[in-house]
1. Figure the gain on full extension for Asp204 and Thr127 (residue separation times 0.36 nm, minus the Cα-Cα span) and round it to one decimal in nm.
2. Give the lysines reachable from Lys200 as a straight Cα distance under 19 Å; neighbours fewer than 8 places away on the same chain don't count.
3. At 0.36 nm per residue, minus the direct Cα-Cα distance, what do Lys271 and Ile24 gain on full extension? Give it in nm, one decimal, please.
4. Quick check on packing: order 177-190, 248-261 by the mean number of other C-beta atoms within 10 Å, highest mean leading.
5. Which far-off residues, 5 or more places away or on another chain, put their amide H under 5 Å from the one on Ile314, with H placed in the peptide plane?
6. Can you tell me which of 331-337, 167-173 comes out highest on packing, and rank the rest after it, using the mean Cβ neighbours within 10 Å?
7. Let a ≥ b ≥ c be the square roots of the eigenvalues of the Cα gyration tensor of the range 178-315; is it rounded (a/c under 1.5), or, if not, prolate (a/b larger than b/c) or oblate?
8. Once you keep just the Cα pairs under 8 angstrom separated by 6 or more residues, what percentage relative contact order results for the range 33-72?
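We did not get these values from a lab; they are worked out from the coordinates using the rules stated. Values in this document were obtained by computation on a predicted structure and should not be read as measured data. Cβ coordinates were reconstructed from backbone atoms using ideal geometry, including for glycine residues, and neighbour counts include every protein chain displayed.
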Amino acid sequence: MVPEVYLFSDLSRLKYGVNKFFRIIAKDFRKTKVGIKIHFGEKGNDTHINPELLKDVKKFFPAVFVECNALYRGSRTVKKDHMAVAKEHGFGFLDIDILDGDIGDEFVEVPVNLKNIKKAKLGKGITKYNNLIAMSHFKGHIATGFGGALKNVGMGLGSRAGKLDMHSTVRIAVDSNKCTGCMTCEKNCPANAIKVINKKAEIDSNVCIGCARCIAVCPNRAVNMDWSGENTNRLMEKIAEYALAATKGRNWWYINFLTNITLDCDCASIKQKPLMKDVGILLSKDPVAIDQASVDLLKERNKGKDPFIEKGRIDGSQILKYAESIGLGKMDYELIKID
Ligand code: SF4
Ligand code: SF4
């Protein structure tokens, strides 16, 4: 059966659209407690999902925001700070459950026995939830081309050890001919892995966690990931394998917000200008179908071109193909417009 993806695109009534989605989901979840996996946005980011759109959720089912701590140094590295930034960004109207504990070290191992990951290390608290919604802001991503439902669930529900597991294949290098020693990367590196010595940046690969932030901030494009295919593809495969671990045996719905579509993710503690006009919101039971539909809608609104590739990001479609190959969902879908 081809998965259904619902599109609500009346931008003046997005809250009404979200409530329509909640009504559909409520029929399935039947008043049981729901974990909403969301990204609250790094401190300084203001293009994350707008919490005002979600405020009626309790009229439909009891819900809790669930999330894991970030891998890198920032405002979401430990639970106390993470909760504070979530509230500062307007998400305090529901309880918040940080699934990997105070410092991100609490995990449960879920066997998947796939090509890259044998046991996924998910935030331990996931075991409390059988009914979940992934609410994902669809936007570009420096390491995976784009980030949507698959990345929100796969990378997002990894504990710190799990996130390290996924990032371990990422290799970063500095082109010393282009580096001017401006120190922007050193100041922004969340792992203190970069030192500028004799006006050239040097990366300690034993300390680097592969977050790719230095690539995004370098004004001279002197930092690069090894784009040779192997590393980026393996990162995407691992994210899909983690997503499979998080979803198997649980009842999930996925909502993608094609709003404030930025080039980089909500982990960046900077204000970003959207690349294009908002498109709307999508709902599906299939994480592959909803991400594929999101890519297709963005292309449709951008003269047939992927807006992230056009701006220099890698082609993220590998994650969709791989996720389909391991049974996470389907790339084919039926788009149903609702109003
Ligand atoms: S941000 Fe770029 S140019 Fe500046 S020190 Fe780092 S690598 Fe060199
Ligand atoms: S990828 Fe760059 S910014 Fe991230 S930890 Fe490694 S050196 Fe630091």
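1. Extra length from Asp204 to Thr127 when fully extended: 24.1 nm.
2. Within the straight-line limit of under 19 Å, Lys200 reaches these lysines: Lys178, Lys187.
3. So the chain would gain 85.5 nm between Lys271 and Ile24.
4. Output ranking for 177-190, 248-261: 248-261, 177-190.
5. Gly145
6. 167-173, 331-337
7. prolate
8. In percent, rounded to a whole number, it is 60.
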